[in-house]
Amino acid sequence: MKASLLHVQDLHKSFGSLEVLKGVSATLERGHKTAVIGPSGCGKSTLLRCINYMETPTTGHIYLDGELFGEKEVNGKNIRMTEKELARQRAQVGMVFQGFYLWPHLNARDNVAIAPMKVRGMSKQEAYELAENMLAKVHMSHKVDEFPERLSGGQQQRVAIARALAQEPKLMLFDEPTSALDPELVGEVLKVIHELADEGRSMVLVTHEIRFARDVADWVMFMGDGTIVEEGPPDNIIGNPQHDRTRSFLRQILEH
Amino acid sequence: MEFDKILNLGGPLLLGAVTTVQITIAALIMAIFLGLTFALVKLTRFRALHWLIDIYVELFRNTPVLTQLFLIYFGLAYLGFKVAAFPAAIIGLSLNGGAILTEVFRAGLGAIHHGQREAALAVGMTPWASLRYIILPQTWKITLPPLGNYAIALLKDTAVVSAIAAPEIMFYARNLVTSTFETTLVYVLAAALYFCLSFPLARMVERFERRQSAWQ
């Protein structure tokens, strides 16, 4: 039997004395999409950032494609990988940030092409071709030569998505991809993510867009206070939540 | 008559100008190297090194460069290390500039949002690649104006190394004054020479800044 694409095993994360994740386990199969929802500070972003080791978990393990992620076994003990080994693994996971974080000294094409060139060793010509294809995918073909500062927030985020796609990742992580956007720009980004989901890409999506989560995800996790309060298919969790905390959260967020 | 005089004085002064330029370039390169290295070390977790760098920066920023030069030139000789004036001048100005530029680069690196690095690591760059392709190009742009100003200040401050008899413009100027008694003329010529070196440099820095601001 083939291993699941992603397996999160009893993840704990503390910042000093503050325990942000208190034992989270989850599994994602290939082609599946999990949405993580919950109030601010519930640990959902930290969970996502632990998956590709942007944060190092305090305890617990991540497995990508059956392979231990971010750690290696030496003499029967798990130790953190070197940065070089970690970089090779991270290249398999695309990440989209709330704040876009496009590189301001590079135009859209170079933002997308630089990792294929410098990480995967593609030629400039190959990388540019890939970049232009990925920018077309996010409907940004008309802006390949623009620098980030000349793009709207929604356009920047779409370039950032193209940048992650250019890694040809096994898994995409979205960390509140529309939370920093003006309301009128949210739609264009959600549309792109929806199209990617329809292509059968595997993704974990942290979001406040409940209706979107319901549309796109096949599994929803509601987190509160560092643990998973309840999880299940979107129609159950969003349509018919069992826990008071989930209900009051959804009521609050859907009223707006 | 006056013209002949200028020609006779100009030769040695031009010779000094060559040394001035050599010292400036060498000290600038070393200072950039030291400043950037120390600023990068301050981004690592080696606390003890932070401490040493802080001490170095504060010592060199809070004492006159003339005093530092004397300490290097005469102090080292006292300890048995005889250093010639020319290398001593370069060492002194490099160490002094390294302290100034450590702060310049530290501020420049600090001005870059941590998300820039995170995004680089997320696409699979190593910390080194992230520094090389993402962080340093942005730091360079931010630090270029203070770096340019430092280079101009350095060029003029090389005058101070005449105090340890490094054969630059002011060293020759003082010798010429002693031998010819043409005090005013000699110093006017020296000033003109500094101006001719500094002014184009300032314009160059300005142009560089303008070109760099094409993005942002």
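No value in this document is a laboratory result; all are computed from the given coordinates. In this text the structure is predicted, and so the values were computed from the model without any measurement. No Cβ is skipped: glycine too gets one built from the backbone with ideal geometry, and neighbour counts run over all protein chains shown.
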Across the range A:241-253, which residue is nearest to the chain's Cα centre (by Cα) among those that are over 13 Å from A:PRO39 (Cα atoms) and surrounded by 10 or more Cβ atoms within 10 Å (Cβ to Cβ)?
A:PRO241
B:PHE208 vs. criteria surrounded by fewer than 20 Cβ atoms within 10 Å (Cβ to Cβ) and in a helix (DSSP H, G or I):
yes
Kindly indicate whether any position in the range A:33-46 is farther than 24 Å from A:ASP215 by Cα, more than 16 Å from the chain's Cα centre (by Cα) and either in a loop (DSSP other than H, G, I, E, B) or not hydroxyl-bearing (Ser, Thr, Tyr) (or both).
yes
Looking only at residues in the range A:164-206 that are touching a residue at least 60 places away in the same chain (Cβ under 8 Å) and basic (Lys, Arg), which one is farthest from the other protein chains (Cβ to nearest Cβ)?
A:ARG201
In the range B:1-57, which residue that is assigned to a helix (DSSP H, G or I) and of a type in the set (Lys, Arg) is farthest from the chain's Cα centre (by Cα)?
B:LYS5
In this structure, does A:GLU132 turn out to be loosely packed, with under 14 Cβ neighbours inside 10 Å, out of contact with any strand residue (DSSP E or B) (no Cβ under 9 Å at 6 or more places or on another chain) and under 15 Å from A:ASN107 (Cβ atoms)?
no
Regarding A:GLU83, is this residue closer than 26 Å to A:PHE147 by Cβ, in contact with a Pro (Cβ under 9 Å, 6 or more places away or on another chain) and surrounded by fewer than 18 Cβ atoms within 10 Å (Cβ to Cβ)?
no
Got a sec? Which helices (runs of 4 or more DSSP H) wholly within the range A:47-145 have at least 2 residues that are within 8 Å of chain B (Cβ to nearest Cβ), within 21 Å of the chain's Cα centre (by Cα) and of a type outside the set (S, T, N, Q)?
A:83-90, A:108-118
Which of the strands (runs of 3 or more DSSP E) found entirely inside the range A:199-256 contain at least 2 residues meeting this: under 25 Å from A:ARG49 (Cβ atoms) and touching a Phe, Trp or Tyr at 6+ places or on another chain (Cβ under 6 Å)?
A:227-232
